[in-house]
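See structure below.
The values are calculated or read from the model by the stated rules, or taken from the named source; none is laboratory data. Being a predicted model, the structure only gives us computed values, none of them experimental. FYI the Cβ positions are ideal-geometry reconstructions off the backbone, even for glycines, and counts take in every protein chain you see. Accessible surface areas use protein heavy atoms only, side chains included; no ligands, DNA or RNA. Shrake-Rupley method; radii C 1.70, N 1.55, O 1.52, S 1.80 Å.
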Amino acid sequence: MALKPDRSIETTEITLVCNDVIVKGAVLVYGTGATTSASGAGVYTPGAAEFAANSSGRIPAGLSLANFVNIDQTRQKRNFHKDEQIVGEKAPLLRRGWVITDQIAAVTVAAGDTAYLGASGLLTNSSANSAPKVGQFATKKDADGYAKVHINLPQV
């Protein structure tokens, strides 16, 4: 599990596709490849949100509200009960709201700490390597490693 069911969703975005296998609760960034974003007349061509192993210099697109899996759909069906999306589909991304997640780096967080994008899409309270701010922690981690975090990304 990466997100608990308790959450408040104020703003989402579903205009970007995700081409990576990820777990919900991870923060995705805007794609950087030449074919990942539309411009001019191509505004209806979706851009891409991707998983970034290194967050330095990357712009967060949002917190994934779905698991992305790469399965052979002729042999296996997606599990809608686990919020599964297939790699290459549009990604439901949380831009503003709060969630309870365990996608937090191995750091000690406290209520009120600023949440930054860390390595591998994890949240952290360290702004090392000019990590972009994504929100604020509302609680410390519980015994299972979950914490409530408010996501507040600017409109782009």
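Details
- Applied to the stretch 114-124, the Karplus parametrisation 6.51 cos²θ - 1.76 cosθ + 1.60 on θ = phi - 60° returns per-residue 3J(HN,Hα) values of 6, 9, 10, 6, x, 4, 6, x, 7, 8, 8 Hz, with x for Gly and Pro.
- Probe 1.4 Å, protein heavy atoms only - accessible area per residue of the chain in square angstrom: 53
- For the stretch 74-98 versus the stretch 129-156, the gap between their alpha-carbon centres in whole angstrom: 21
- Shape of the chain, Cα gyration tensor, a/c cut at 1.5: oblate
- With a threshold of 18 Å on the Cα-Cα distance, the over-threshold entries among Lys4/Lys141; Lys24/Lys90; Lys90/Lys133; Lys4/Lys82 are Lys90/Lys133.
- Only Cα pairs under 8 Å and 6+ residues apart enter the sum, and on that basis the relative contact order of the chain stands at 27 percent.
- Expressed as a whole percent, the accessible area of the chain that falls on carbon and sulfur atoms is 50 (1.4 Å probe).
- Among 64-70, 130-136, the peptide with the highest mean count of other Cβ atoms within 10 Å heads the list, and the full ranking is 64-70, 130-136.
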